[in-house]
Amino acid sequence: MCGNQFFINGEEPLSTTSLALLETVKGMNFFDPHIHMTSRTTDDYQTMADAGIVAIIEPAFWLGQPRTSAHTFKDYYSSLIGWERFRASQFGIKHYCTIGLNAKEANNTALAEQVMELLPLFVCKEGVVGIGEIGFDDQTAAEERYYRLQLELAKNAVLPVQVHTPHRDKKRGTVRSMEIALEHGLSPDQLIIDHNNEETVEEVLNKGFWAAFTIYPFTKMGNERMVTLVKKYGAERIMINSAADWGISDPLAVPKTAALMKARGISEEVIRLVTYQNAISAFSQSGQLDPQDFEIKATVDQSEKFAGNSVLRGGQQPRIDRSSIIIS
């Protein structure tokens, strides 16, 4: 079963917009450790907050169109630690990010060299919990060069690394990513290997790395398959995320998968680990993430501004609490 539809007790698949699904996990907290909110709307933030997502990590990534200047990278990185962090706070969600040169754009070597000079200016900023997402796309020599340079940056900054595994020839790229990290003297528990599937998970876990899974329609990992993997491998060093980028994707993939796990008899403790706690444990190595922050109800005041800008438009009244407003 692909995508984010799933069966409950053998019945017809429920719509991805069905709020009834989320009632089964109401009251649980979720942490999405890989979601590209730059491409999402404020409505998505509101719906995520209503579904129990209390914290997210936004990795730096490719925006769909090649960038032509290092200045565009600088502005993008600035938005991740600035406006986007503020925008999330307006819905009671803690926003963190990882900063890096993505694999796809690493192949523009002239630009990549300039971006590498920028990265040290950002990696120690507030809210940056790792280097990422970095790794392989087409598995070229240029990609390997900038992956290695960024591993050294992570090592010097004592930060975790969020690794993008390739869509093509995934197993070879995943294994190579881990081998290179070990060559550079990083500990396996410092690396979150992302976009895993059935072909890669066992080797990632056996080598002691964190195994992250992206619940993404038609590619990467469906949540039916994710339930099967959790039943087989348990919860240790496994986490799930939504990616939710500019493609067809679902920012509620984490709570929806939790609902499916619960319906399929997986314990709430295991669900809590793979949809919340394991992400905190992995990225708290950065020293930027305090688990107690998520236990306290976030204060929301939408009358606040960032650089003179607000999330409100057209005379909207500010929301100053976190009570659910649902339009279905």
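The values are calculated or read from the model by the stated rules, or taken from the named source; none is laboratory data. Only a predicted model underlies this, so the values are computations on that prediction, with no experimental measurement involved. Neighbour counts run over all protein chains shown; Cβ positions are idealised from the backbone, glycine included.
Of the residues making up the range 91-111, those that are part of a helix (DSSP H, G or I), surrounded by fewer than 19 Cβ atoms within 10 Å (Cβ to Cβ) and not polar (S, T, N, Q) number 1. For the range 265-293, filtering for residues that are surrounded by fewer than 17 Cβ atoms within 10 Å (Cβ to Cβ), part of a loop (DSSP other than H, G, I, E, B) and not small (Gly, Ala, Ser) leaves 1. When residues in the range 68-90 are screened for being crowded, with 20+ Cβ neighbours inside 10 Å and hydrophobic (A, V, I, L, M, F, W, C), 3 of them pass.
Among the residues of the range 39-51, is any in a helix (DSSP H, G or I) and within 17 Å of residue 283 (Cβ to Cβ)? Taking every residue of the range 39-51 in turn, none turns out to be in a helix (DSSP H, G or I) and within 17 Å of residue 283 (Cβ to Cβ). Of all residues in the range 233-262, those being small (Gly, Ala, Ser), modelled with pLDDT of 95 or more, surrounded by fewer than 24 Cβ atoms within 10 Å (Cβ to Cβ) and on the phi < 0 side of the Ramachandran plot number 1.
Among the residues of the range 112-131, those that are in contact with a strand residue (DSSP E or B) (Cβ under 7 Å, 6 or more places away or on another chain) and either of a type outside the set (Phe, Trp, Tyr) or surrounded by fewer than 16 Cβ atoms within 10 Å (Cβ to Cβ) (or both) comprise 119, 123, 127, 128, 129, 130, 131. Close Cβ contacts (under 6 Å, 6 or more residues apart or on different chains) running from residues in the range 264-291 that are at negative phi and in contact (Cβ under 8 Å) with a residue 60 or more places away in the chain to residues that are part of a helix (DSSP H, G or I) and surrounded by fewer than 16 Cβ atoms within 10 Å (Cβ to Cβ) comprise 280/291. Of the residues 240, 248, 192, the single one that is touching a Pro at 6+ places or on another chain (Cβ under 7 Å) and either closer than 23 Å to residue 25 by Cβ or in a strand (DSSP E or B) (or both) is 192.
Scanning the range 198-232 for residues that are part of a loop (DSSP other than H, G, I, E, B), of a type outside the set (Gly, Ala, Ser) and surrounded by fewer than 18 Cβ atoms within 10 Å (Cβ to Cβ) gives 198, 199, 207, 217, 218, 219. Among the residues of the range 156-176, those identified as surrounded by 14 or more Cβ atoms within 10 Å (Cβ to Cβ) and more than 14 Å from residue 193 (Cβ to Cβ) are 157, 159. Residue-level check: of (1) touching a Gly at 6+ places or on another chain (Cβ under 7 Å); (2) in a helix (DSSP H, G or I), residue 159 misses just (2).
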